[in-house]
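Heads up, the thing below is written out as structure tokens.
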């Protein structure tokens, strides 16, 4: 293919309710889309960067700047040799900025597969037509509020509950959910790096609740600390922020720092690297699951295709559109008996709705060859 133009779209999409983690609380999903035009058709992708550099060092304004100044000119320079598979090697010189890279690689992959009539799931070698759906429950103002939300999600049919935790909102919150809904519901917790090595005894108290996993309890750079924690507690340790590549995944597995891996394509630089991490994990008998970054339908569709791969044996965070949004920007993804269908149309399998884009777009900027 040949890249002809890229449109960068900034959107502000209201959330149904505030979503609070150990590092932020958001009421508005501020997001950047990459829309590419090639000589063989168009493609779409969503950048996972937040408004602030809180989840990672990237943030959406910075990601746009990197795309405009560095990544897009490099891709124009490929001429007729542009493919999704060529993006990472072309950008190998560039340190970091994985979320910006992900947005351009994925939009090009979407255009490439649409032109070939191949779905993203088919391209990945996916083996499932639908995937089980879990839900992530943010930190609340009270235990009663937490129980109300968890009860509501269970009634909707979600098959796994994930609780965000932080110091002061951990043991009692988890205990309340177990006491209210029983030991049979699949339950896990996510700390988003909120704890330190001084908190091992506190985290060990969570062993009594038979959790599926504890996700990213320590700083993302403290891989050795996670290995020590994994040896100290019974609850399986899952890494999220720490895993930014297949090489890091391999090292973490060898160190004994990870027993389950959360794969977020935006965090690792794209879906091609995500597949490599999946393959490393499968080769080492490490289960994986697909996390999320509050994606709209554009990002959600692609995540579903990834989660349909055979190594994704842990229920992920790819929930229905209605979990976060009153109005999605594609046809909404709907929860059916605890599952969500994997798109089967070419590329990511969904298209944005133009009038809804116009409703939520803050800016639209074209970069041409």
Checklist line | Residue check, residue 150 touching a helix residue (DSSP H, G or I) at 6+ places or on another chain (Cβ under 8 Å) and either touching a residue at least 40 places away in the same chain (Cβ under 8 Å) or over 24 Å from residue 299 (Cα atoms) (or both) | finding: yes
Check: Among the residues of segment 102-121, is there at least one that is more than 30 Å from residue 165 (Cα to Cα), within 19 Å of the chain's Cα centre (by Cα) and outside any helix (DSSP H, G or I)?
Finding: no
Next item on the list: State all residues of segment 1-13 that are surrounded by fewer than 18 Cβ atoms within 10 Å (Cβ to Cβ), more than 19 Å from the chain's Cα centre (by Cα) and assigned to a strand (DSSP E or B); if no residue qualifies, say none.
Entry: 4, 5, 7
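Conditions tested, residue by residue: (1) free of Cβ contacts under 8 Å to residues at least 40 places away in the same chain; (2) over 29 Å from residue 46 (Cα atoms).
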site	(1), (2)
226	yes, yes
237	yes, no
244	no, no
262	no, no
Checklist line | Among the residues listed as 327, 313, 235, the single one being in a loop (DSSP other than H, G, I, E, B), surrounded by fewer than 21 Cβ atoms within 10 Å (Cβ to Cβ) and modelled with pLDDT of 95 or more | finding: 313
Checklist line | Residues satisfying the stated conditions in segment 151-168, i.e. touching a strand residue (DSSP E or B) at 6+ places or on another chain (Cβ under 6 Å), closer than 18 Å to residue 20 by Cα and assigned to a loop (DSSP other than H, G, I, E, B) | finding: 165
Check: When you go through 85, 92, 69, 74 one by one, which is the residue that is farther than 22 Å from residue 295 by Cα, assigned to a loop (DSSP other than H, G, I, E, B), over 19 Å from the mean Cα position of the chain (by Cα) and assigned by TED's automatic domain parsing to the domain that holds residue 357?
Finding: 92
Notebook entry, point to check: Which of the residues spanning segment 181-196 are more than 21 Å from residue 314 (Cβ to Cβ) and surrounded by 15 or more Cβ atoms within 10 Å (Cβ to Cβ)?
Noted result: 194, 195
Margin query: Consider segment 14-33. How many of its residues are closer than 23 Å to residue 145 by Cβ and part of a strand (DSSP E or B)?
Written below: 12
Next item on the list: Out of 282, 288, report the one residue that is at pLDDT 95 or above, over 14 Å from the mean Cα position of the chain (by Cα) and farther than 24 Å from residue 25 by Cβ.
Entry: 282
Next item on the list: Go through (1) without any contact (Cβ under 8 Å) to a residue 60 or more places away in the chain; (2) closer than 16 Å to residue 49 by Cβ; (3) out of contact with any strand residue (DSSP E or B) (no Cβ under 9 Å at 6 or more places or on another chain) one by one and return the number of the condition residue 269 breaks.
Entry: (1)
Note to self: For the condition in contact (Cβ under 8 Å) with a residue 24 or more places away in the chain, in a helix (DSSP H, G or I), surrounded by 14 or more Cβ atoms within 10 Å (Cβ to Cβ) and in contact with a helix residue (DSSP H, G or I) (Cβ under 7 Å, 6 or more places away or on another chain), what is the one hit in 99, 64?
What the structure shows: 99
Next item on the list: Keeping to segment 176-207, report how many residues are closer than 23 Å to residue 231 by Cα and either under 25 Å from the mean Cα position of the chain (by Cα) or in contact (Cβ under 8 Å) with a residue 12 or more places away in the chain (or both).
Entry: 20
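The values are calculated or read from the model by the stated rules, or taken from the named source; none is laboratory data. Remember, it's a predicted structure, so these values are computed and weren't measured experimentally. Here the Cβ is made from the backbone with ideal geometry for all residues, glycine too, and neighbour counts use every protein chain on show.
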